[in-house]
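Before any comments, here is the structure.
The values are calculated or read from the model by the stated rules, or taken from the named source; none is laboratory data. All values reported here derive from a predicted model rather than from experimental measurement. Note that each Cβ is placed from the backbone with ideal geometry, even for glycine, and that neighbours are counted across all protein chains shown. Surface accessibility is based on the protein's heavy atoms, side chains included, excluding ligands, DNA and RNA. Shrake-Rupley method; radii C 1.70, N 1.55, O 1.52, S 1.80 Å.
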Amino acid sequence: METLPYLRAGRGPTLVLVHGYLGGAAQWEREIEWFSRSYDVIAPDLPGFGAAADRPGEATIGGMARAITKLLDELGIDAFILLGHSMGGMIAQEIAATRPTAVRKLILYGTGPVGLMPDRFEPIAVSRQRVQHDGVAKTIARIGATWFKDGEKAGGYGKLVEIGELANPQAALAALDAMVAWDGRTALGALSMPTLVIWGDSDRSYRWPQIETLWRSIPNVDLSVVPRASHALHLEKPDLFRAILLEFIR
C-alpha cells in the first residue's frame, strides 16, 4: 500500500482531519491554516480521492482506516486528536476502536454509527446507480448541493465540487459499498476518549437518530448542535465551526 498524499502544517499536538465521501484534504485548507498556529495539522487524501485519485479506492471502512494509520505510523505519530467528517467519521470511529490509546480526543462531525444512513436524502443504492449512469462530476454537483442550506448558491459549493470531481469512479463506487457494509454501533461503548459530536440541524445525510445514538452510546461525549446549518458546516459557518473545535480540543 502506497503512502497517502497529505497536507501538513504547524507544530504542537497532532490534529488529524479525515474527509468524507467525494471529499479531499484540500477541503480543510482554512482549518489547516487556522489550527496550524498551535497544532501539527495533518489532512490525508483517502485512496481514490483528491490528490490520491490515481490509486484504487478501498472496499471497506476498515481498509480506509488502515490507510490512515499506516500514514501516521510512517510519519512517527503515535498520539493524536482525530476528526472525521461524514464517511470520514466512520473511519475515525474505526481508528478509535482499534487504537484507543493513540486517539487522545475524537471529533465526530456530520456522521453516524450506521453506514447505511437511514433516512438519508436518497438511498445509497440510488446514489450508486447515479454514479454509474451520470459519472462522478455530475454526482458531486447534485449531491454536494444537498450538503448546504443554500444549495448551489452556498459560498463553499464551488470548491466542494472542484475537489469532488477529482475522485476516480472505482473509488466512488467502492466507498458507497463500504459504507453500506459498515456498522459501528457495537464499538461505541468502548470509545472512552473525550469525544465531541458536531451536527448541523438541517443535515440531510445524517438525521437526528444517528446523532442521538452517538450521543447516548459513547461514554465521555459532548454534543454540539448548530442551528440553520447542514452537512458542510465547516464551509457554511467556518468561524463558528472552528470556535467549537477549539473549545473542545485546547
Answer residue from region 212-250, given it is out of contact with any helix residue (DSSP H, G or I) (no Cβ under 7 Å at 6 or more places or on another chain) and basic (Lys, Arg) and is farthest from Gln93 (Cα to Cα) among those = Arg228
task = Kindly provide the set of residues from region 11-27 that are open to solvent by 10 Å² or more (accessible area, probe 1.4 Å), within 13 Å of the chain's Cα centre (by Cα) and either modelled with pLDDT under 95 or more than 21 Å from Gly115 (Cα to Cα) (or both), ordered by number.
result = Ala26, Gln27
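Name the residues in region 107-132 that are among the β-branched types (Val, Ile, Thr), more than 18 Å from the chain's Cα centre (by Cα) and under 23 Å from Pro209 (Cα atoms), would you?
Scanning region 107-132 gives a single hit, Val126.
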request  = Considering (1) surrounded by fewer than 13 Cβ atoms within 10 Å (Cβ to Cβ); (2) of a type in the set (Lys, Arg); (3) within 15 Å of Tyr21 (Cβ to Cβ), say which one Arg128 fails and leave the rest.
outcome  = (1)
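Evaluate the following for Ile198: is it in contact (Cβ under 8 Å) with a residue 60 or more places away in the chain and assigned to a helix (DSSP H, G or I)?
no
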ask   = Does region 218-250 hold any residues that are hydrophobic (A, V, I, L, M, F, W, C), touching a Leu at 6+ places or on another chain (Cβ under 9 Å) and either assigned to a loop (DSSP other than H, G, I, E, B) or without any contact (Cβ under 8 Å) to a residue 24 or more places away in the chain (or both), and which are they?
value = Ile218, Ala229, Ala232, Leu240
task = Look at Gly76 and say whether it is without any contact (Cβ under 8 Å) to a residue 60 or more places away in the chain and surrounded by fewer than 20 Cβ atoms within 10 Å (Cβ to Cβ).
result = yes
note = Reported set for region 88-106 where residues are closer than 15 Å to Leu214 by Cβ and either outside any strand (DSSP E or B) or touching a Gly at 6+ places or on another chain (Cβ under 7 Å) (or both) is Gly88, Gly89, Met90, Ile91, Ala92, Gln93, Glu94, Ala96, Ala97
query = Only one residue in Thr186, Thr213 is closer than 25 Å to Thr98 by Cβ, of a type outside the set (D, E, K, R), surrounded by fewer than 22 Cβ atoms within 10 Å (Cβ to Cβ) and under 18 Å from the mean Cα position of the chain (by Cα). Which one?
reply = Thr213
inquiry  = Among the residues in region 58-78, are any under 18 Å from Ala172 (Cβ atoms) and in contact with a His (Cβ under 9 Å, 6 or more places away or on another chain)?
reply    = no
ask   = Taking Ile81, is it open to solvent by 10 Å² or more (accessible area, probe 1.4 Å), in a strand (DSSP E or B) and not small (Gly, Ala, Ser)?
value = yes
ask   = Failed condition for Gly62, given (1) in contact with a strand residue (DSSP E or B) (Cβ under 8 Å, 6 or more places away or on another chain); (2) among the small types (Gly, Ala, Ser); (3) assigned to a helix (DSSP H, G or I), with all others met?
value = (1)
task = Check off (1) crowded, with 19+ Cβ neighbours inside 10 Å; (2) in contact with a helix residue (DSSP H, G or I) (Cβ under 6 Å, 6 or more places away or on another chain); (3) not hydroxyl-bearing (Ser, Thr, Tyr) for Trp147 and give me the number that stays unchecked.
result = (2)
inquiry  = Looking only at region 216-250, count every residue that is buried (at least 18 other Cβ atoms within 10 Å of the Cβ) and either of a type in the set (Asp, Glu) or over 23 Å from Ala190 (Cα atoms) (or both) and tell me the total.
reply    = 12
ask   = Got at least one residue in region 160-172 being surrounded by fewer than 20 Cβ atoms within 10 Å (Cβ to Cβ), in contact (Cβ under 8 Å) with a residue 12 or more places away in the chain and not in a helix (DSSP H, G or I)?
value = yes
